[in-house]
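Structure first, then comments.
The values are calculated or read from the model by the stated rules, or taken from the named source; none is laboratory data. Quantities reported herein were computed from a predicted structural model and do not represent experimental measurements. So basically every Cβ, Gly included, is an ideal-geometry build from the backbone, and we count neighbours across all protein chains shown. The protein model used for the area step is the full one, side chains on, heavy atoms only, and it has no ligands, DNA or RNA in it. Shrake-Rupley method; radii C 1.70, N 1.55, O 1.52, S 1.80 Å.
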Amino acid sequence: MTKSALITGITGQDGSYLAELLLEKGYKVSGIVRRTSTPSDERIAHLGDKISLLVGDMSDTPSLLDAVEESQPDEVYNLAAQSFVGDSWRQPLFTGDVDGIGVTRLLEAIRRVKPSARFYQAATSEMYGKVHEVPQTETTPFHPRSPYGVAKVYGYYITLNYRESFDMHASNGILFNHESPRRGLEFVTRKITDAVARIKHGVQSELRLGNTDSKRDWGFAGDYVEGMWRILQQDQPDDYVLATGETRTVQEFVEEAFARVDLDWKQYVVIDPKFVRPAEVELLLGDPSKAKRVLGWEPKVTFKGLVDMMVDADMERVAREIAFKSIQL
């Protein structure tokens with residue numbers, strides 16, 4: 001029998017890769033999208049009518065109830081969030097409502113309409129924040145350092161509570177940083193690769209960054225959505241860290257990105273205090289041994305492979321933009 005999946009945040013980086021994966025596996029895929037005056041579906045445009053889009057919002061309970069009722073999902077993947085850490089300081093109440101309380105709204109909709117559905121909550125390594133141990137595991141204490149991290153801790157524990165209180169198949173995936181050519185331009189990795197492409201093509205002169213000493217565990221988003229799917233295939237719900245187990249600095253990302261196009265980063269990078277966060281997360285390094293042991297999951301794309309993939313994609317995109325503008329002129 002064909003399985004049905006409902007994805008919140010389907011228009012985002014992870015949502016688009018997950019939709020592709022589930023379609024390949026023969027799922028009927030539905031996604032919740034917010035009604036906006038400007039469409040933001042470029043990441044899933046290539047999927048066309050293979051997926052069903054339902055209007056809804058994580059701040060609006062009736063729309064979530066309707067989406068679950070209409071899609072009747074076997075699996076629900078909650079990937080919707082205000083996911084930019086920097087913006088969470090500018091919009092702390094909105095971030096808390098969507099990333100925290102929004103999880104409760106969705107869980108309650110599932111409990112009332114389709115309690116047998118399996119639920120995946122997109123947790124994050126930002127919950128660890130000021131880390132208490134290295135590497136971070138499923139049992140490492142949380143110490144979030146941003147409104148985003150705090151809201152995600154709420155989402156994590158409300159998922160755990162619905163699992164324990166209502167016997168729901170509800171699991172958390174604690175994902176460390178995962179990037180791709182579909183990453184938003186507001187994120188530092190994509191900001192870097194986009195700038196590298198523009199500098200190489202001669203349409204930008206510098207790249208301004210904040211703290212380049214911050215260390216992150218970076219993987220490829222396409223690998224991580226497979227981990228999400230594997231989590232919901234387990235007989236028992238549980239929580240898993242998905243990570244590469246390797247840490248790199250923002251500086252290393254910069255160096256690899258500029259090297260890809262044969263440029264010396266020192267000539268273009270400017271450190272700007274404006275981009276330093278109020279409370280910085282210095283080191284995130286995940287231990288994915290449980291996911292490897294239980295799920296049989298491990299990342300396939302290397303750090304260099306990831307950076308090169310992103311730079312190459314932005315080089316092609318910027319070249320197309322330049323060509324398009326020249327045609328218009």
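With Cα atoms as the point set, the radius of gyration and Dmax of the stretch 237-301 evaluate to 16.8, 50 Å.
Phi angles across the stretch 54-61 convert, under the Karplus curve 6.51 cos²θ - 1.76 cosθ + 1.60 with θ = phi - 60°, into 3J(HN,Hα) values of 10, 6, x, 8, 5, 9, 10, 4 Hz, Gly and Pro given as x. Taking the helices alone, the chain has a mean residue ellipticity at 222 nm of -12500 deg cm²/dmol, built from -39,500 (n - 2.57) per DSSP H run of at least 4 residues and averaged over all its residues.
Remark on Val269: its backbone amide H falls under 5 Å from those of Leu207, a criterion applied only to residues 5 or more positions apart or on other chains, H modelled at 1.01 Å from N. The gain in end-to-end length when the Ser289 to Ser59 segment is fully stretched comes to 79.3 nm, 0.36 nm per residue minus the alpha carbon separation. Could you count how many Lys pairs in the stretch 187-322 have their Cα atoms under 21 Å apart, skipping same-chain pairs fewer than 8 positions apart? Here the count comes out as 15. Between amide H atoms placed 1.01 Å from N, distances below 5 Å from Ser52 occur with Val29, Ser30, Gly31, all of them 5 or more places distant or on a separate chain. The overall shape of the chain is prolate: from the C-alpha gyration tensor, with semi-axes ordered a ≥ b ≥ c, the ratio a/c is 1.5 or greater and a/b exceeds b/c.
Of the solvent-accessible surface of the stretch 125-195, computed with a 1.4 Å probe and all protein chains present, 52% belongs to carbon and sulfur. Taking amide H as placed 1.01 Å from N in the peptide plane, Arg118 has its amide H under 5 Å from the amide H of Glu75, Val76, each at least 5 places away in sequence or on another chain.
Taking a ≥ b ≥ c as the square roots of the Cα gyration tensor eigenvalues, with a/c under 1.5 meaning rounded and otherwise prolate when a/b beats b/c, else oblate, which class fits the stretch 174-318? Judged from the Cα gyration tensor, the stretch 174-318 comes out prolate (a/c at least 1.5, a/b above b/c). Working note: Karplus 6.51/-1.76/1.60 with θ = phi - 60° gives the stretch 10-25 the couplings 5, 7, x, 4, 5, x, 5, 5, 5, 4, 4, 4, 5, 4, 4, 8 Hz, where Gly and Pro are set to x. Once the C-beta distance of Phe324 and Lys3 is scaled by a Förster radius of 25 Å, the resulting FRET efficiency is 0.05 to the nearest 0.05.
Subtracting the Cα-Cα distance of Thr139 and Phe166 from 0.36 nm times their residue separation leaves 7.4 nm of extension gain. Solvent exposure of the chain, expressed per residue, is 45 Å² of accessible area, with all protein chains present and a 1.4 angstrom probe.
By DSSP, the beta bridges lying fully in the chain are antiparallel in about 10 percent of cases.
The residues neighbouring Lys292, those whose beta-carbon lies less than 12 Å from its own, together hold a net charge of +1 under the Lys/Arg +1, Asp/Glu -1 convention. Residues in the stretch 265-276 carry Karplus couplings, in order, of 4, 4, 7, 10, 8, 10, 7, 10, x, 4, 9, 7 Hz; the curve used is 6.51 cos²θ - 1.76 cosθ + 1.60 with θ = phi - 60°, and Gly or Pro positions show x.
Just check the stretch 27-153 against the gyration tensor rule for me: Cα atoms, a ≥ b ≥ c as the square roots of the eigenvalues, rounded for a/c under 1.5, and otherwise prolate or oblate depending on whether a/b exceeds b/c.
Judged from the Cα gyration tensor, the stretch 27-153 comes out prolate (a/c at least 1.5, a/b above b/c).
The magnitude of the dipole of the stretch 160-248, with charges of +1 and -1 set on the Cβ of Lys/Arg and Asp/Glu and taken from the Cα centre, is near 680 debye.
If you average the alpha carbon positions of the stretch 1-78 and of the stretch 226-275, how far apart do those two centres end up, in angstrom? What the calculation gives is 26 Å, centre to centre. Lys-Lys pairs in the stretch 18-176 that are eight or more residues apart or on separate chains and whose Cα atoms lie under 24 Å of each other come to 7. Net charge of the neighbourhood of Pro115, taken over other residues with C-beta under 15 Å away and scored Lys/Arg +1, Asp/Glu -1, is -1.
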